[in-house]
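Engineer: Structure below; questions to follow.
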Amino acid sequence: MKLAQLFNQEKTVFSFEVFPPKRNNPIQTVYDTLEELKDLKPDFISVTYGASGSLADNSTCEIASAIKHKYGIESAAHLTCVNSTREEVTEVLRRLEENGVENILALRGDLVPDMPPKEEFRHADELIRFIKEKNQNFGISGACYPEGHPNSKTQVEDILNLKKKVDAGAEHLISQLFFDNSMFYDFLDKARIAGINVPIEAGIMPVTNKKQIERMVSLCGASLPAKFTKMMSKYENRPDALRDAGIAYAVNQIVDLVSCGVDGVHLYTMNNPYIAKRICENVQSLF
Ligand code: FAD
């Protein structure tokens, strides 16, 4: 099923993201995670793709296929393009089709300093158009940035570029993480004014430890509300308390988002079923 169809069913969509195990960790570790996540009954699970775009690593396709066929949950495979040639992307599309993966989150990928881009794809809209030309059957999603992408000079410029992705064929968007819901609502208003009418899911990342969040924030530039930084400072030396406070913070964000009628919530699980379970215990009945 194409992900966009999930949004026609008068229900707020609740989905998860997982990543393939890091190098040297066996692939089985992600299947152990999925064994636990499946009981939480998300509407779909997406699987990230390595920034290098290496064809040698087929794990995203393999995991997305298992989510769909072994665990019976709809899946989406992330796919980046800036470090890939058209030929390489064509091969990934072939593998996805062969493995029955129906949905792709089409991304540019980050520009890696020691890896010059291959320059066959410059932006995600070019990848989206390419996928559409190759195979009309894939459901295509794109990424969006409530506080603007760090490469954009202004949020308006970023939203106009987001519209290009939708015009190219993205039928659904998933947002970058954010910690201040008012930023997301402001972005939603602007996106709708710009004529972006596809479902937009809110990306929520629970804080599990201080280092993780500092790294994420330095990468994506999400702003931190005072109540969030106070929580981090107060509990930074008490990992269990920080984890509990982080779970409560994510639950509060989700309750507010669902109450305000968002299309969906995408939980960055960080492959941590314990945290996902604790969050779901508090919000499952809202979905
Ligand atoms: P684009 O949409 O191409 O945008 C990048 C920048 O270019 C923006 O500033 C935009 O405004 C501008 N732009 C876009 N189109 C045009 C155009 N036509 N002309 C001029 N400017 C343009 N990375 C991974 O490596 N693997 C993953 O699995 C992964 N999953 C992600 C999932 C989500 C939900 C999100 C939000 C991000 C994910 N990322 C992932 C990170 C992502 O690859 C980076 O944020 C990357 O820098 C931008 O990707 P994009 O697809 O949004 O790029």
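The values are calculated or read from the model by the stated rules, or taken from the named source; none is laboratory data. This structure is a prediction, so every number in the text was calculated from the model and none was measured. Virtual Cβ from ideal backbone geometry, glycine too; neighbours counted across all protein chains shown. What goes into the accessible areas is simple: the full protein's heavy atoms, side chains included, and nothing from ligands, DNA or RNA. Shrake-Rupley method; radii C 1.70, N 1.55, O 1.52, S 1.80 Å.
Engineer: For Lys132 paired with Asn58, estimate the spin-label separation in nm (one decimal), with each label point 7 Å from Cα along the Cα-to-Cβ line.
Structural biologist: For the pair Lys132/Asn58, the computed spacing is 3.0 nm.
Engineer: Note down the net charge around Ala76, summing +1 for each Lys or Arg and -1 for each Asp or Glu among other residues with Cβ under 12 Å from its Cβ. Walk me through the intermediate numbers first.
Structural biologist: On the way: positive: Lys2, Lys68; negative: Glu17, Asp43, Glu74, Glu102, Glu171, Glu201.
That works out to -4.
Engineer: Is there a quick way to get the dipole size of region 3-286? I mean about its Cα centre, with the Cβ of Lys and Arg at +1 and of Asp and Glu at -1; what is the value in debye to the nearest 20?
Structural biologist: Working: 32 positive and 39 negative charges, 102 e Å.
Here region 3-286 has a charge dipole of around 500 debye.
Engineer: What nm value, rounded to one decimal, do you get for the distance between Asp39 and Arg122 when each label is placed 7 Å out toward the C-beta?
Structural biologist: If labels sit at Asp39 and Arg122, their model points lie 5.0 nm apart.
Engineer: Any chance you could look up the accessible area of Tyr274 with a 1.4 Å probe, heavy atoms only, rounded to 10 Å²?
Structural biologist: Its accessible surface works out to 100 Å², give or take rounding.
Engineer: Among Ala76, Ala222, Ala106, which one shows the highest mean-square fluctuation when the chain is modelled as a Gaussian network with alpha-carbon springs under 10 Å?
Structural biologist: Top of the fluctuation ranking is Ala222.
Engineer: Related question: Which net charge results for the neighbourhood of Asn137, defined as the other residues with beta-carbon distances under 11 angstrom from its beta-carbon, given Lys and Arg at +1 and Asp and Glu at -1?
Structural biologist: Values: positive: Lys2, Lys132, Lys134; negative: Glu97, Glu102.
So the environment of Asn137 carries a net charge of +1.
Engineer: If I stretch the segment between Ser182 and Thr154 completely, what's the gain in nm (0.36 nm per residue apart, minus their alpha carbon distance), one decimal? Walk me through the intermediate numbers first.
Structural biologist: Working: separation 28, 0.36 × 28 = 10.08 nm, distance 1.78 nm.
Here the segment from Ser182 to Thr154 would lengthen by 8.3 nm.
Engineer: Still on this model: Under a cut-off of 16 Å between alpha-carbon atoms, report the lysines in cross-link reach of Lys163, not counting same-chain residues fewer than 8 places apart.
Structural biologist: Result set, ordered by chain and number: Lys190.
Engineer: Out of all DSSP beta bridges with both ends in region 3-286, state the antiparallel percent to the nearest 5.
Structural biologist: On the way: 0 of 31 bridges.
In region 3-286, DSSP labels about 0 percent of beta bridges as antiparallel.
Engineer: Straight distance only, please: which lysines reach the Cα of Lys68 with their own Cα at less than 24 Å, same-chain residues fewer than 8 apart left out?
Structural biologist: Lys2, Lys11, Lys22, Lys38, Lys41, Lys132, Lys134, Lys277
Engineer: How large, in percent, is the carbon and sulfur part of the accessible surface of the chain at a probe radius of 1.4 Å? Mind showing how you got there, number by number?
Structural biologist: Values: 6620 of 13410 Å².
Result for the chain: 49 percent of the exposed heavy-atom area is carbon or sulfur.
Engineer: Grab the other residues whose beta carbon is less than 14 angstrom from that of Asp158, score K and R as +1, D and E as -1, and report the net. Before the final figure, lay out the partial values.
Structural biologist: Working: positive: Arg108, Lys153, Lys163, Lys164, Lys165, Lys190; negative: Asp125, Glu147, Glu157, Asp186.
Net local charge, Asp158 excluded: +2.
Engineer: Still on this structure, I have one more. Find the accessible area per residue for the chain; the probe is 1.4 Å, ligands and nucleic acids are left out, and the unit is Å². Each step should come with its number before you reach the end.
Structural biologist: On the way: 13410 Å² over 287 residues.
That works out to 47 Å² for each residue.
Engineer: Based on the Cβ-Cβ distance of Tyr274 and Ile193, what FRET efficiency does E = 1/(1 + (r/R0)^6) give at R0 = 51 Å, to the nearest 0.05?
Structural biologist: Values: r = 40 Å, r/R0 = 0.79.
The formula returns an efficiency of 0.80 here.
Engineer: Moving to a separate point now. Compute the projected area of the convex hull of the Cα atoms of the chain, averaged over all viewing directions, and report it in nm² to one decimal place.
Structural biologist: Working: hull surface 57.9 nm².
Over every viewing direction, the Cα hull of the chain projects on average to 14.5 nm².
Engineer: Over the chain, what relative contact order in percent results from Cα pairs under 8 Å that are six or more residues apart?
Structural biologist: Details: 492 pairs, mean separation 56.8, N = 287.
Relative contact order here is 20 percent.
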